[in-house]
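The values are calculated or read from the model by the stated rules, or taken from the named source; none is laboratory data. Being a predicted model, the structure only gives us computed values, none of them experimental. So basically every Cβ, Gly included, is an ideal-geometry build from the backbone, and we count neighbours across all protein chains shown.
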Amino acid sequence: MDKELVIVLDFGGQYNQLVARRVRECNVYCEIYSYKTDLDKIKEMNPKGIVLTGGPNSCYEEGAPSYSRELFEMGIPVLGLCYGAQLMMHVLGGTVEKAPVREYGKTDVHVNTSSALFTDVSENTVCWMSHFDYISQAAPGFDICAHTSDCPIAAAENPGKKLYAIQFHPEVLHTKEGTKMLSNFVYHVCHCSGDWRMDSFVEHQIKAIREKVGKGRVLCALSGGVDSSVAAVLLSKAIGDQLTCVFVDQGLLRKNEGDEVEAVFGPEGDYDLNFIRVNAQERFYEKLAGVEEPEAKRKIIGEEFIRVFEQEAKKIGAVDFLVQGTIYPDVVESGLGGESAVIKSHHNVGGLPDYVDFKEIIEPLRDLFKDEVRKVGLELGIPEYLVFRQPFPGPGLGIRIIGEVNAEKVRIVQDADAIYREEIAKAGLDRELNQYFAALTNMRSVGVMGDERTYDYAVALRAVKTIDFMTAESADIPFDVLQTVMTRIINEVKGVNRVFYDLTSKPPGTIEFE
Ligand code: XMP
């Protein structure tokens, strides 16, 4: 797809994905690359602009991430943010040193509104600062275009060379007019036309898939989650009945989820996906019997999934293409994109499955962020309740049951979770929370119900707010909602006599329990 491109060079900052998202929100396509990316490769990509991210280092220290001077001499607009701003000054002859006062958090900033970067921005606005070092002297040829009370050079520019440096973080929502500043950069400095839109994405993808697949046969593993559902529907719009979708119910889905997925995507539903449902619950429970260790459970679930999928694929015979619902953050987190990569074992990017006889892989959503995948889903007419589904891990309830998994425990956690989700929706909190679920602790304790002694399980409720799922805060759910959920779970779910609410943020916790 021929499209305007802005690239983000990642220097290890925590907001690298946010920068790319904000640029895309301006309808300009944007990708993240490591700062180690070759200059020739950058030239080849022919970007309309380059953004340098923040990072944890001091640019004047030996061995700190850097880039050669030529990056700033190609005539391509460059915007440095935080570390990126300091690096630009440092490389071009300015001075960066430890700041006498460390700035952190929301800070009042005064900007020069005649700068292209600050067009239509208020002269006095609020920005998000987070730095130890500061630019004490701008590089030759640069004018100062913003300052705060502690930071004499909060932004500097050399409009003739299309170089801009901002000490604060416009990509973070706490910078009140940050999106405007990034939009100014892409429109007024890079002169982008802003033609990146979801409807054109869908149209282009359908065309590209048709060209690629021709008369070939395509196999898709459908989990019912947002990404694989959107990928499957996109494929079916493009190639119709050349597509077969296999849905494996491993007995670790949420309550009634298997039937719900079948109702939407199966033969009675609105889509023609050649939907095959495999009920493999017993197989999974047998394999999981007696296994307690979380990574071992993950591995068993993953491997068994492959075995089941393989068997189905054999029945279908050779296919030409296999579809995966990989999305952009998976690519970046797996170390194929940016610099601040965290490799997560649960993402299958990079390691292609070798268990199905196919020639090539198709990843139609590989360039998209989650919110963009949702927009594509809506564009394709997928029902909202599916499109705005919360994330659900591949190993399913297997990692929400601490310790050994069995059918009885699955029933308990499914029922408790269904009640929790129902009450959260009733309280109107479902769109506010990014992920919420019940888990089954492996703890049993003594209680009293009626006049009887009980010795039953404790259920833990979790609800988090997060932007990127890498860090998260436990959500402040009204106590009366929690109490209603607790009462209902104790009354309605046999085997539970205690309910906990998990207050832990991530870090130090994780979102899931295992
Ligand atoms: P954690 O627990 O790592 O979760 O804080 C972060 C996000 O990733 C999801 N998650 C998984 N997704 N396979 C997946 O497909 C997994 O093994 C897995 N573990 C965690 C989790 O639901 C949350 O959204």
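Kindly indicate whether any position in region 236-250 is closer than 30 Å to Val413 by Cα and assigned to a helix (DSSP H, G or I). Even if it seems obvious, please write down each step before you answer.
Quick first cut of region 236-250, residues closer than 30 Å to Val413 by Cα only: 245-250.
Checking which are assigned to a helix (DSSP H, G or I) leaves us with none.
No.
Look at region 281-331 and say how many of its residues are under 18 Å from Lys409 (Cβ atoms) and surrounded by 15 or more Cβ atoms within 10 Å (Cβ to Cβ). Let's see the steps before the verdict.
First pass over region 281-331, keeping only residues under 18 Å from Lys409 (Cβ atoms): 281-294, 296-298, 300-301, 304.
Of the ones still in play, those that are also surrounded by 15 or more Cβ atoms within 10 Å (Cβ to Cβ) are 281, 283-285, 287-288, 291, 294, 297-298, 300-301, 304.
Of the residues in that region, 13 qualify.
Quick check on region 259-270: of everything there that is in contact (Cβ under 8 Å) with a residue 24 or more places away in the chain and touching a strand residue (DSSP E or B) at 6+ places or on another chain (Cβ under 9 Å), which residue is nearest to Asp241 (Cα to Cα)?
For region 259-270, the residue satisfying everything is Phe265.
State all residues of region 115-150 that are in contact with a Phe, Trp or Tyr (Cβ under 7 Å, 6 or more places away or on another chain) and surrounded by fewer than 22 Cβ atoms within 10 Å (Cβ to Cβ); if no residue qualifies, say none.
The answer is Ser130, and nothing else.
Residue check: is Val264 aliphatic (A, V, I, L, M) and crowded, with 22+ Cβ neighbours inside 10 Å?
Details: aliphatic (A, V, I, L, M): yes; crowded, with 22+ Cβ neighbours inside 10 Å: no.
Answer is no for this residue.
Pairs needed: first member in region 460-473, under 7 Å from Asn434 (Cβ atoms); second member anywhere, surrounded by fewer than 16 Cβ atoms within 10 Å (Cβ to Cβ) and not hydroxyl-bearing (Ser, Thr, Tyr); C-beta distance under 6 Å; at least 6 residues apart or different chains.
Taking only residues 6 or more apart or on different chains, the pairs are Lys465/Glu473.
Taking the criterion of being under 19 Å from the mean Cα position of the chain (by Cα) and closer than 25 Å to Gly398 by Cβ, would at least one residue in region 488-501 satisfy it?
No, region 488-501 contains no residue that is under 19 Å from the mean Cα position of the chain (by Cα) and closer than 25 Å to Gly398 by Cβ.
Give region 203-237 a look and list any residue that's β-branched (Val, Ile, Thr) and surrounded by fewer than 19 Cβ atoms within 10 Å (Cβ to Cβ), or say none.
Narrowing region 203-237 to residues β-branched (Val, Ile, Thr): 206, 209, 213, 218, 226, 230, 233.
Ile206 - this is the single residue of region 203-237 that is β-branched (Val, Ile, Thr) and surrounded by fewer than 19 Cβ atoms within 10 Å (Cβ to Cβ).
Just to be sure before I move on: is Gly495 closer than 27 Å to His174 by Cβ, surrounded by fewer than 18 Cβ atoms within 10 Å (Cβ to Cβ) and modelled with pLDDT of 95 or more in the structure I sent? Walk me through how you get there before you give the answer.
Details: closer than 27 Å to His174 by Cβ: no; surrounded by fewer than 18 Cβ atoms within 10 Å (Cβ to Cβ): yes; modelled with pLDDT of 95 or more: yes.
Against the criterion (closer than 27 Å to His174 by Cβ, surrounded by fewer than 18 Cβ atoms within 10 Å (Cβ to Cβ) and modelled with pLDDT of 95 or more), Gly495 does not qualify.
Identify all residues within region 461-511 that are of a type in the set (Val, Ile, Thr) and in contact with a helix residue (DSSP H, G or I) (Cβ under 7 Å, 6 or more places away or on another chain); write none if there are none. If you could, list the steps in order and put the result at the bottom.
To start, the set of residues in region 461-511 that are of a type in the set (Val, Ile, Thr) comprises 464, 466-467, 471, 477, 481, 484-485, 487, 489-490, 493, 496, 499, 504, 510-511.
Those that are of a type in the set (Val, Ile, Thr) and in contact with a helix residue (DSSP H, G or I) (Cβ under 7 Å, 6 or more places away or on another chain): Val481, Thr484, Val485, Ile489, Val493, Val496, Val499.
Specify which of the listed residues (Asp249, Asp259, Asp320) is charged (D, E, K, R) and either modelled with pLDDT under 95 or more than 29 Å from Ala418 (Cα to Cα) (or both).
Among Asp249, Asp259, Asp320, only Asp320 is charged (D, E, K, R) and either modelled with pLDDT under 95 or more than 29 Å from Ala418 (Cα to Cα) (or both).
Inside region 426-444, can you point out the residues that are surrounded by fewer than 20 Cβ atoms within 10 Å (Cβ to Cβ) and within 15 Å of the ligand (Cβ to nearest atom)?
Residues satisfying the conditions are Leu433, Asn434, Gln435.
Can you tell me which residue in region 274-290 is farthest from Gln242 (Cα to Cα), limited to those that are under 29 Å from the mean Cα position of the chain (by Cα) and assigned to a strand (DSSP E or B)?
Val278
Tally up the residues in region 291-333 that are over 27 Å from the mean Cα position of the chain (by Cα) and among the small types (Gly, Ala, Ser), please.
3
Taking only pairs six or more apart or across chains, which ones have beta-carbon atoms under 9 Å, a first residue in region 282-310 that is on the phi > 0 side of the Ramachandran plot, and a second residue that is surrounded by fewer than 17 Cβ atoms within 10 Å (Cβ to Cβ)?
Gly290/Glu404
Please count how many residues of region 445-476 are within 16 Å of the ligand (Cβ to nearest atom), assigned to a strand (DSSP E or B) and surrounded by fewer than 16 Cβ atoms within 10 Å (Cβ to Cβ). Spell out the reasoning first.
Residues of region 445-476 within 16 Å of the ligand (Cβ to nearest atom): 460-475.
Narrowing further to those that are assigned to a strand (DSSP E or B): 460-465, 472-474.
Those left that are additionally surrounded by fewer than 16 Cβ atoms within 10 Å (Cβ to Cβ): 465, 473.
Matching residues across region 445-476 total 2.
Please specify each residue of region 479-514 satisfying the condition of being out of contact with any Leu (no Cβ under 6 Å at 6 or more places or on another chain), in a strand (DSSP E or B), more than 22 Å from Asp451 (Cβ to Cβ) and more than 16 Å from the ligand (Cβ to nearest atom).
Our first condition is that a residue be out of contact with any Leu (no Cβ under 6 Å at 6 or more places or on another chain); within region 479-514, this holds for 479-500, 502-514.
Restricting the remaining residues to those that are in a strand (DSSP E or B) gives 496-500, 506.
Subsequent filtering for residues that are more than 22 Å from Asp451 (Cβ to Cβ) retains 500, 506.
Across region 479-514, the qualifying residue is only Phe500.
This table checks each residue for (1) part of a helix (DSSP H, G or I); (2) over 25 Å from Leu243 (Cα atoms).
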| site | (1), (2) |
| --- | --- |
| Glu292 | no, yes |
| Lys297 | yes, yes |
| Ile300 | yes, yes |
| Glu303 | yes, no |
| Glu312 | yes, no |
| Val319 | no, no |
| Leu322 | no, no |
| Thr326 | no, no |
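Just checking: which of the strands (runs of 3 or more DSSP E) contained wholly in region 22-114 hold 1 or more residues that are modelled with pLDDT of 95 or more and buried (at least 23 other Cβ atoms within 10 Å of the Cβ)? Steps first, please.
Numbers: elements: 29-34, 49-52, 78-81, 95-111.
Once the strands (runs of 3 or more DSSP E) in region 22-114 are filtered for at least 1 residues that are modelled with pLDDT of 95 or more and buried (at least 23 other Cβ atoms within 10 Å of the Cβ), what remains is 49-52, 78-81, 95-111.
Working only within region 371-416, note down all residues that are more than 16 Å from the ligand (Cβ to nearest atom) and either touching a Cys at 6+ places or on another chain (Cβ under 8 Å) or at positive phi (or both). Full working, then the answer.
Pass one, region 371-416, residues more than 16 Å from the ligand (Cβ to nearest atom): 372, 375-387, 403-404, 406-412, 414-416.
Gly381, Gly403 - these are the residues of region 371-416 that are more than 16 Å from the ligand (Cβ to nearest atom) and either touching a Cys at 6+ places or on another chain (Cβ under 8 Å) or at positive phi (or both).
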